[in-house]
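Here is the structure we will look at.
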Amino acid sequence: MERKKTVLTGIKPTGTPHLGNLMGAIRPALEMAKKPELDPYFFIADYHALTTVQDGKTFRNLVHEVAATWIACGLDPARCTIYCQSDIPEIFELSWILSCVTPKGLMNRAHAYKAVVQENQEKGQEDLDAGVSMGLFCYPVLMAADILMFNSDFVPVGKDQVQHVEITRDIAQRFNKDFKKVFKLPMHVLSEQSAVLPGLDGRKMSKSYDNTIPIFAPSNQLQKLIARVKTDSVGPTDPKNPETSTLFMIYKEISTPEEIEAMKQKYVAGISWGDAKQQTFEKLDQFLAEPRKKYQELMANPAQIEQILKEGGLRARKVATALLAEVRKAVGKI
Ligand code: TRP
């Protein structure tokens, strides 16, 4: 039997997850993980987060939040190997080995580093590397180790991470050429969702715009947030255009084709914004009820999260240990 292909993605813990994250990243990745021909690996890139989070308590919380979020949204730990990056020491050994075949110039061109340099330039900073840690600079090498450690075939990522997967391929090719053909070349998979979910103010839902709807907000907060969604000034009984309505776009993401069609008719017939808000809220509240409950249960029981991550970590380490043995042999270590 042919080995299943591996799909792997890393999740950087970054604060309260919102509907935009759910629709744009979590849901497409989980859909992919469900395919029977794939072997999914999802991990929490906690040591990557260490480039920005420097407070122990916040750090631990973030890890729990991310794990609980993904499990609550449908990740099945029995089928999908879920683990914490920092529990797999093999990744860090591999990261060092890879850094020795990585040209520094390749890192100079990585976008996160370049952005800081550019910012320093614009601010007239004398030291263009001000505020750059080696962690930030070497971030793509660690990411390459994450990916290559499990011989990943597919890596679902957002647009901003495509460059990092390309860098990973470069690094893998160099290693294969310099030592031995150990690594497969991974492919990035852009999340299929091309439409972006709008936030409360109609712009893309994003933490930086402060316009998000948190996935696990309690009902009453959810209702208040939906009440804040920006609408136009069309009169209460006048026909409304669903295609330009933020409310409708949210509704569309969480409803069946029949429900969507029925709602469309209501807009055209002239539903009031107040009613549209109420109905969108009810639908969303119902849609999120199950995940919200599961999330709260998990967060109230961190030992259970730890246990899931521990089991996933053990599974992942088996694979990592075998691959690292090959890598060590290739570089000549006895
Ligand atoms: N850098 C990714 C992000 O910021 C997270 C990440 C770390 C990752 N390692 C990975 C994603 C490996 C895919 C594969 O979102």
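The values are calculated or read from the model by the stated rules, or taken from the named source; none is laboratory data. Because the structure is predicted, anything quoted here is derived from the model rather than measured. Here Cβ is always computed from backbone atoms with ideal geometry, including for glycine, and neighbour counts include all displayed protein chains.
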Go through segment 20-44 residue by residue and tally those that are part of a helix (DSSP H, G or I) and more than 21 Å from K204 (Cβ to Cβ).
4
Taking helices (runs of 4 or more DSSP H) that fall entirely within segment 205-278, which contain at least 1 residues that are closer than 25 Å to W70 by Cα?
219-227, 246-253
Would you be able to say whether some residue in segment 193-210 is surrounded by fewer than 14 Cβ atoms within 10 Å (Cβ to Cβ), within 16 Å of the ligand (Cβ to nearest atom) and not assigned by TED's automatic domain parsing to the domain that holds T244?
yes
Would you tally the residues in segment 53-67 being closer than 30 Å to L288 by Cβ and not in a helix (DSSP H, G or I)?
2
Restricting attention to segment 110-148, report how many residues are of a type outside the set (D, E) and away from the ligand (no atom under 16 Å from the Cβ).
12
Would you please name the residue that is nearest to the ligand (Cβ to nearest atom), looking only at residues in segment 149-182 that are touching a Leu at 6+ places or on another chain (Cβ under 7 Å), of a type in the set (A, V, I, L, M, F, W, C) and within 18 Å of V331 (Cβ to Cβ)?
M149
Test: V196 is within 27 Å of C84 (Cα to Cα), β-branched (V, I, T) and either part of a loop (DSSP other than H, G, I, E, B) or without any contact (Cβ under 8 Å) to a residue 60 or more places away in the chain (or both)
no
Would you kindly identify the helices (runs of 4 or more DSSP H) lying entirely within segment 68-174 that contain at least 3 residues that are surrounded by 13 or more Cβ atoms within 10 Å (Cβ to Cβ)?
89-99, 111-122, 134-148
Where G10 falls short, out of the listed (1) of a type in the set (G, A, S); (2) assigned to a helix (DSSP H, G or I); (3) closer than 20 Å to V319 by Cα
(2)
Would you mind stating whether Y47 is in a strand (DSSP E or B), within 15 Å of the ligand (Cβ to nearest atom) and not aliphatic (A, V, I, L, M)?
no
Please specify each residue of segment 48-64 satisfying the condition of being out of contact with any Phe, Trp or Tyr (no Cβ under 9 Å at 6 or more places or on another chain) and either not basic (K, R) or not assigned by TED's automatic domain parsing to the domain that holds G131 (or both).
T52, Q54, D55, G56, T58, F59, N61, L62, V63, H64
List every residue pair whose Cβ atoms lie under 6 Å apart, where the two residues are 6 or more positions apart in sequence or sit on different chains, the first residue falls within segment 1-26 and is under 16 Å from I250 (Cα atoms) and in the same structural domain as V162 (by TED's automatic domain parsing), and the second residue, located anywhere, is within 12 Å of the ligand (Cβ to nearest atom) and at pLDDT below 90.
G24/S191; A25/S191
Looking at (1) part of a loop (DSSP other than H, G, I, E, B); (2) out of contact with any Gly (no Cβ under 8 Å at 6 or more places or on another chain); (3) of a type in the set (S, T, Y); (4) within 15 Å of the ligand (Cβ to nearest atom), which is the one condition that is false for T16?
(4)
Verdict on L185 being closer than 30 Å to G332 by Cα and away from the ligand (no atom under 13 Å from the Cβ):
yes
Determine whether segment 158-179 contains at least one residue that is over 15 Å from A320 (Cβ atoms) and touching a Gly at 6+ places or on another chain (Cβ under 8 Å).
yes
Across segment 19-37, the tally of residues that are over 21 Å from E65 (Cβ atoms) and either surrounded by 17 or more Cβ atoms within 10 Å (Cβ to Cβ) or near the ligand (Cβ under 10 Å from one of its atoms) (or both) stands at 1
